[in-house]
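Asker: The structure that follows is given in the form of structure tokens.
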Amino acid sequence: MFAYIVKRLISGFLVVTLVSMAVFALFWYGPSSPAKPICDREQGVRCIPERLVAYEKSLGYDNPIYTEYGKFVKGIFVGREIAFRTDVYQCDAPCLGLSYNTKQPVTHELVSRLPATISVAVGGAFLYLLLGVPIGVAAARRRGSVADKALVSSFLFLSSIPYYLFALLTWLYLTVLWEAPVVSDVGYFSPFSDGPLKWFGGLFLAWVALGIFGCTQYTRYTRGAMVEALSEDYIRTAKAKGLPARTVVYRHGLRAALVPVVTIFGIDFGSLLAGTIFTERIFEIQGIGYWSLQAVGNKDLPVVAATTLFSAVMLIFSNLIVDVVYSFLDPRVRLS
């Protein structure tokens, strides 16, 4: 297993390197100069060509792309100095650049917003499984019954609603119209400085929106996997031996059925950690997703590049964890 993990880490490192090169090249060879947004912002008017040339020179956009990419990679490990015309800023390692909007190191801002994104991701993912898996198992055990058909139909209807609309309606009714106590004050609050209750109340509606909407998919995934698992020969053998129904379903059937569910969950959880843009925007949570959305609007290219790399790292890491969990869920799977 150790050799497998090392190989996956090496391949993941190569993927992140290729992603960083692609993002760097897209910004470099984009339709407009990457320095133009900061020039417009600092001058307060449309940037004239002479000032744009000065910004491009100070930011290194007049150098070859491989030279500046080398500086970017070097900054991740040892830090570097970044100049905005006459002002020079020190960016300590790991340096992903300075925000064109705030002039602050992107790494520091990313770390400061990470707790909010982790809180949203963990709460939403927990509800995915807490609601979706048991309901899917119950539907599979009653396959073809009225209850099964009602669950599948209602969840299909719910999942057909666009998520952003579902989250927006959740926020509108529970905070604006009904002003639900405790949970109507949405946003991220520190559990240490603001208290656990305020932290829980600020994130509760975001968790509900993510959990209810996401559990509809996991109910279908679990039901399909359980129906297939319960039709296997070893399940019939276990029943013939007289094992209790609960043991057959949960110890033998569910363990095998969780393998495809865990695959999808790993990808979804990595995506949640990369930033839940709609959730954070609607519920005013200052996380990485909301931050990346603001960066796109402000054309803050270092922030967009940093959040893209962070997303790639989270997806690669979550897939590695899923592969390791496979060997524990299904004894037939061996990592090699």
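The values are calculated or read from the model by the stated rules, or taken from the named source; none is laboratory data. Just so it is clear, the structure is predicted and the values come from calculations on it, not from any experiment. Note that each Cβ is placed from the backbone with ideal geometry, even for glycine, and that neighbours are counted across all protein chains shown. These area figures cover heavy atoms from the full protein model, side chains too; ligands, DNA and RNA do not enter into them. Shrake-Rupley method; radii C 1.70, N 1.55, O 1.52, S 1.80 Å.
Asker: With a 1.4 Å probe and all protein chains left in place, how much accessible area per residue does the stretch 107-329 have, in Å²?
Answerer: Per-residue accessible area for the stretch 107-329 comes out at 49 Å².
Asker: Then there's this: Could you calculate the FRET efficiency of PHE13 with LYS239 from 1/(1 + (r/R0)^6), where r is the beta carbon distance between them and R0 is 45 Å, rounded to 0.05?
Answerer: It comes out at approximately 0.40.
Asker: Enumerate the amide H contacts of TYR89 below 5 Å, restricted to partners 5 or more residues apart or on another chain; note that Pro and chain-start residues carry no placed amide H.
Answerer: ILE82, ALA83, PHE84
Asker: Taking springs between alpha-carbon atoms closer than 10 angstrom, which of ILE48, ILE267, ILE38 fluctuates most in the Gaussian network model of the chain?
Answerer: Largest GNM mean-square fluctuation: ILE48.
Asker: Another question, if that's okay. With the cut-off at 20 Å, report for the stretch 2-105 the share of all Cα pairs above it, as a whole percent.
Answerer: 46
Asker: Going by average Cβ neighbours within 10 Å, how do the peptides 151-160, 201-210, 314-323 rank, with the highest at the top?
Answerer: Ranking, from highest mean packing down: 201-210, 314-323, 151-160.
Asker: Taking all protein chains in place and a 1.4 Å probe, what share, in percent, of the accessible surface of the chain do carbon and sulfur account for?
Answerer: 66
Asker: Another question about this same structure. With unit charges on the beta carbons (Lys and Arg positive, Asp and Glu negative) and the dipole taken about the Cα centre of the stretch 107-329, which residue among ILE321, TYR234, ILE288 sits farthest to the positive side?
Answerer: So the residue furthest toward the plus end is TYR234.
Asker: Here is a follow-up. Quick one: if the Förster radius is 30 Å, what FRET efficiency do VAL122 and TYR173 give, using the C-beta to C-beta distance and rounding to 0.05?
Answerer: 0.75
Asker: While we're looking at this one, here's another question. What angle, in degrees between 0 and 90 and rounded to the nearest 10, separates the Cα long axis of helix 254-274 from the longest principal axis of the Cα atoms of the chain?
Answerer: Value to nearest ten degrees: 20.
Asker: Could you point to the residue in THR86, TYR66, ILE10 farthest towards the positive end of the stretch 2-105's charge dipole, with +1 and -1 charges on the Cβ of Lys/Arg and Asp/Glu respectively?
Answerer: Checked the options; the winner is ILE10.
Asker: Could you pull the Rg and Dmax for the chain, using just the Cα atoms, both in Å?
Answerer: 24.5, 85
Asker: Here's another thing I want to ask about it. Taking amide H positions as placed 1.01 Å from N in the peptide plane, with prolines and chain starts having none, which residues 5 or more places from LEU98, or on another chain, fall under 5 Å of its amide H?
Answerer: Residues meeting the amide H criterion: VAL106.
Asker: Let me ask you something else. Using Cβ-Cβ distances only, list the Cys residues of the chain with no partner cysteine under 4.7 Å, sorted by number.
Answerer: CYS215
Asker: Using modelled amide H (1.01 Å from N, peptide plane; none on Pro or chain starts), what sits under 5 Å from the amide H of ILE285, excluding residues fewer than 5 places away?
Answerer: Amide H to amide H, under 5 Å and 5 or more residues apart or across chains, ILE285 pairs with nothing.
Asker: Could you tell me which of the pairs LYS103/LYS299; LYS36/LYS103; LYS36/LYS57; LYS74/LYS299 are separated by over 20 angstrom between their Cα atoms in the structure shown?
Answerer: Beyond 20 Å between Cα atoms: LYS74/LYS299.
Asker: A follow-up question, please. May I ask you to derive the relative contact order of the stretch 107-329, considering only C-alpha pairs under 8 Å and at least 6 residues apart, and to give it as an integer percent?
Answerer: Dividing the mean separation by the residue count of the stretch 107-329 yields 28 percent.
Asker: Turning to a different aspect of this structure: Convert each backbone phi in the stretch 29-41 into a coupling constant with the Karplus relation 6.51 cos²θ - 1.76 cosθ + 1.60 (shift: θ = phi - 60°), then list the ³J(HN,Hα) values in order as whole Hz, x for Gly and Pro.
Answerer: So the Karplus estimates, Gly and Pro as x, are 9, x, x, 9, 5, x, 7, 5, x, 6, 5, 4, 5 Hz.
Asker: Additional query: Relative contact order for the stretch 2-105: what is it in percent, counting Cα pairs under 8 Å that are at least 6 residues apart?
Answerer: 17
Asker: Subtracting the Cα-Cα distance from 0.36 nm times the residue separation, let me have the gained length for PHE200 to THR102 in nm, one decimal.
Answerer: Computed gain between PHE200 and THR102 is 32.3 nm.
Asker: Starting with the highest mean, order 253-259, 174-180 by the number of other Cβ atoms within 10 Å, averaged over the residues of each peptide.
Answerer: 253-259, 174-180
Asker: Separate question: How many angstrom lie between the C-alpha centres of the stretch 66-144 and the stretch 246-323?
Answerer: Centre-to-centre (Cα) distance: 11 Å.
Asker: Per DSSP helix of 4 or more residues, -39500 (n - 2.57); summed, then divided by the residues of the chain. What does that give at 222 nm, rounded to the nearest 500?
Answerer: Mean residue ellipticity at 222 nm (helix-derived): -23000 deg cm²/dmol.
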